[in-house]
Amino acid sequence: MNRFAFHRFWAIVLKEFIQMKRDRVTFAMMIGIPLMQLMLFGFAINSDPRHLPTAIRAADQGPFARTLVQALRTSDYFQIVHEAETETETQRLLQLGDVQFVINIPEDFSRKLLRGERPTVLVEADATDPAATGPALAAVNTLASSIFNRDLPGPLARLQAKAGPVDFRIHAHYNPENITQYNVVPGLMGVVLTLTMVVITALAITRERERGTMENLLATPVRPFEVMAGKILPYIAVGYIQVTLILVAARCLFGVPMVGSLPLLYAVALFFIAANLAMGITCSTLAKNQLQAVQMAVFFFLPSILLTGFMFPFRGMPEWAQAVGSCLPNTHFLRIVRGILLKGNGPLEIAPELWPLLLFLVVAMAVGLKRYRRTLD
Amino acid sequence: MNTTDLVIDVTGITKLFGDKTVVNAIDLQVKRGEIYGFLGPNGSGKTTFIRMLCGLLTPDAGTGTCLGYDVRNQQPEIKRHVGYMTQRFSYYEDLSIRENLDFIARIYAVTDRASAVQNSLECLGLANRSHQLAGQLSGGWKQRLALAACLIHSPQLLLLDEPTAGVDPKARREFWDEIHRLAADGLTVLITTHYMDEAERCHRLAYIAYGNLLARGTLDEVLASARLTTWTVTGPALPALAENLRSRDGVEQVVAFGNTLHLSGRDPAKLAAAVATVRDSRYDWKQTRSTMEDVFISLMDQAKDNFK
């Protein structure tokens, strides 16, 4: 008598579909937001910045100095935009932000090099943004070990860079060229779904309460679980549209490799979408009005971007932040998406990330149901 | 279904919001086919009481049955057989008339849904406008739609919370004709209202103020139980006379109705004495039957004295 009844659940589903269809603007946003984020994040974010403006203060114009400058140019990281004369000039350029780097070649550079005295080249960086300078500075170090070998033939060969006692071979798996999009675009799937799914359902129950339709709904025999499930199902469909949009764009626009199984990804996405929808509904039952509901959704959305490994490396965060991040479904979904697409992970490899998603889904649903019951009493 | 004739039978129903008693130990019996009017000032606990009857709220104290089901723990069964029309229009404004009816019919698993919806649309006289959005309807039509929607699952009890607020007189009359038709077919109706003329169209009445049930019975019984004496007077300079009378002992109400003043009080002797002091040939004094409104105001004043 009190059990789940399909006809009531289905009534809610149909009603939600009709309302979604009527609310054109919201529907357009649900499709527009992922596309816009894809364009912005996909094309705009680059964690390996190149062609950074650089000033050179070369007190030595000898052939070795010229080789050095040439090597910096060809490394792609440095774009030499200024040839400075004095230190005051270089300091001013850094201060104004006109250049990111200043490379100071001392006047005794060639002489010291030939004498084997290891001349010092001072590289000054505007390190206000470490992410911008890091890759370029790393490149400088590798330059030093190789550029002069060609210019130091015969008896000078003893000055060539010596190999270290250990030969480190680096194989950068899954993304050897360090292409940012390979990391960002699959990650966007989790971010877009979190944003739209939570916000949309956060409004779902608050809207019913604000418009007064909730009282009517409660007076009918419809059960809380039927309402929640009925409100979730239509948006699962929307979530899948978003997943598909992002996958198509990842493939066609960004050339992201898709090594693993797409059906597996679609299957796992179901749990992630449902987890976010349940979270949204829970916000919805906690909030007193639609504004509060949206604020709660944003409150959930920010850590879902910042603490999940979407923008910043997860392992770079302190323990407590990792612990918080581990409670967010997006953290696990990001690993699953990247795992499936880039590494070709199968069900066994993603299992450790799947159960936290399921746990989150169950908890969010339970809290939502418990809160929903108390909406009038 | 139980066979007893009492559709609502509750005793001592109480509801607290925090430490405020909103409904205080109310007893109520309503027979099948009866139209029971619930009167009382705003915030008197009428809506809360109705919500407890239809299973939206659980009483903090008291026991009883609604349609033979326990109001404390058989709420799902009650909801199935009750039609509840909320004070505020609470169907979906972004759904069409037909979609709203169809939605409710699906929720209650109405057999032969399509024809039930079609019938309901035709009874409403909305068959040709069924695709109009509910939000575009005027107040009177919204009320008719709401009534149709809460009848679609053929409930045995109709709970109507101020159904005619903001509805024009013609629509109200049609609404009441419909209620009487339904009651004649055996439907029980509990209705809250502020309109005195509507109170007079109910079989029985209850008057509730500040959570307490103050009077109940048929219209005549309620009028009699107020033990109110009323005089009317016509003549010149009535506003001055009204001012004069208002301060007299035994005069509880002085109300102007056009060219007539109504004078009411609970103590007939004191009231007669007050009248005697100002009586002269210019005025035409008559003792009349108290109206429902006189009684209503009187009960409200007493309630204020007793419970505030």
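The values are calculated or read from the model by the stated rules, or taken from the named source; none is laboratory data. Everything numeric in this text was worked out from a predicted model, so none of it was measured. Positions of Cβ are generated from backbone atoms using ideal geometry, with glycine treated the same way; all protein chains shown enter the neighbour counts.
Could you list, in sequence order, all residues of the range B:74-95 that are without any contact (Cβ under 8 Å) to a residue 60 or more places away in the chain, in a helix (DSSP H, G or I) and more than 7 Å from chain A (Cβ to nearest Cβ)?
Matches in the range B:74-95: B:75, B:77, B:78.
Determine whether the range B:43-54 contains at least one residue that is more than 20 Å from residue B:192 (Cβ to Cβ), out of contact with any strand residue (DSSP E or B) (no Cβ under 8 Å at 6 or more places or on another chain) and not basic (Lys, Arg).
Scanning the range B:43-54 turns up no residue that is more than 20 Å from residue B:192 (Cβ to Cβ), out of contact with any strand residue (DSSP E or B) (no Cβ under 8 Å at 6 or more places or on another chain) and not basic (Lys, Arg).
Would you check which residues across the range A:1-49 are acidic (Asp, Glu) and without any contact (Cβ under 8 Å) to a residue 12 or more places away in the chain and list them?
A:23
Those residues that are crowded, with 17+ Cβ neighbours inside 10 Å and among the hydroxyl-bearing types (Ser, Thr, Tyr), I need them from the range B:284-308; list them, please.
B:290, B:291, B:298
List the number of the failed condition for residue B:109; all other conditions in (1) modelled with pLDDT under 95; (2) more than 7 Å from every other protein chain (Cβ to nearest Cβ) hold.
With (1) modelled with pLDDT under 95; (2) more than 7 Å from every other protein chain (Cβ to nearest Cβ) applied to residue B:109, the lone miss is (2).
Just a yes or no: is a residue in the range A:282-298 farther than 29 Å from residue A:212 by Cβ, touching a Ser or Thr at 6+ places or on another chain (Cβ under 8 Å) and touching a residue at least 60 places away in the same chain (Cβ under 8 Å)?
Among the residues of the range A:282-298, not one is farther than 29 Å from residue A:212 by Cβ, touching a Ser or Thr at 6+ places or on another chain (Cβ under 8 Å) and touching a residue at least 60 places away in the same chain (Cβ under 8 Å), which makes the answer no.
Residue B:120 passes all but one of (1) of a type outside the set (Asp, Glu); (2) in contact with a helix residue (DSSP H, G or I) (Cβ under 6 Å, 6 or more places away or on another chain); (3) crowded, with 22+ Cβ neighbours inside 10 Å; (4) in contact (Cβ under 8 Å) with a residue 40 or more places away in the chain; which number fails?
Here residue B:120 clears every test but (4).
Could you tell me whether any residue of the range B:62-73 is more than 10 Å from every other protein chain (Cβ to nearest Cβ), in contact with a Ser or Thr (Cβ under 9 Å, 6 or more places away or on another chain), free of Cβ contacts under 8 Å to residues at least 12 places away in the same chain and outside any strand (DSSP E or B)?
yes
Name the single residue that is farthest from the other protein chains (Cβ to nearest Cβ) among those in the range A:193-245 being among the acidic types (Asp, Glu) and touching a helix residue (DSSP H, G or I) at 6+ places or on another chain (Cβ under 7 Å).
Restricting to residues being among the acidic types (Asp, Glu) and touching a helix residue (DSSP H, G or I) at 6+ places or on another chain (Cβ under 7 Å), the top hit is A:210.
Only one of these conditions is not met by residue B:58: (1) more than 9 Å from chain A (Cβ to nearest Cβ); (2) touching an Asp or Glu at 6+ places or on another chain (Cβ under 8 Å); (3) of a type outside the set (Gly, Ala, Ser). Which number is it?
(1)
Look at residue B:127 and say whether it is facing chain A (nearest Cβ under 10 Å), without any contact (Cβ under 8 Å) to a residue 24 or more places away in the chain, aliphatic (A, V, I, L, M) and surrounded by fewer than 17 Cβ atoms within 10 Å (Cβ to Cβ).
no
Within 29 Å of residue A:351 (Cα to Cα), out of contact with any Phe, Trp or Tyr (no Cβ under 6 Å at 6 or more places or on another chain) and surrounded by fewer than 21 Cβ atoms within 10 Å (Cβ to Cβ) - does that describe any residue in the range A:269-287?
yes
For the range B:211-245, which positions are more than 26 Å from residue B:199 (Cβ to Cβ) and without any contact (Cβ under 8 Å) to a residue 40 or more places away in the chain?
Within the range B:211-245, B:237, B:238, B:239, B:240, B:243, B:244, B:245 meet the criteria.
Given the condition more than 14 Å from chain B (Cβ to nearest Cβ) and charged (D, E, K, R), answer yes or no: does some residue in the range A:35-56 qualify?
Yes: one or more hits.
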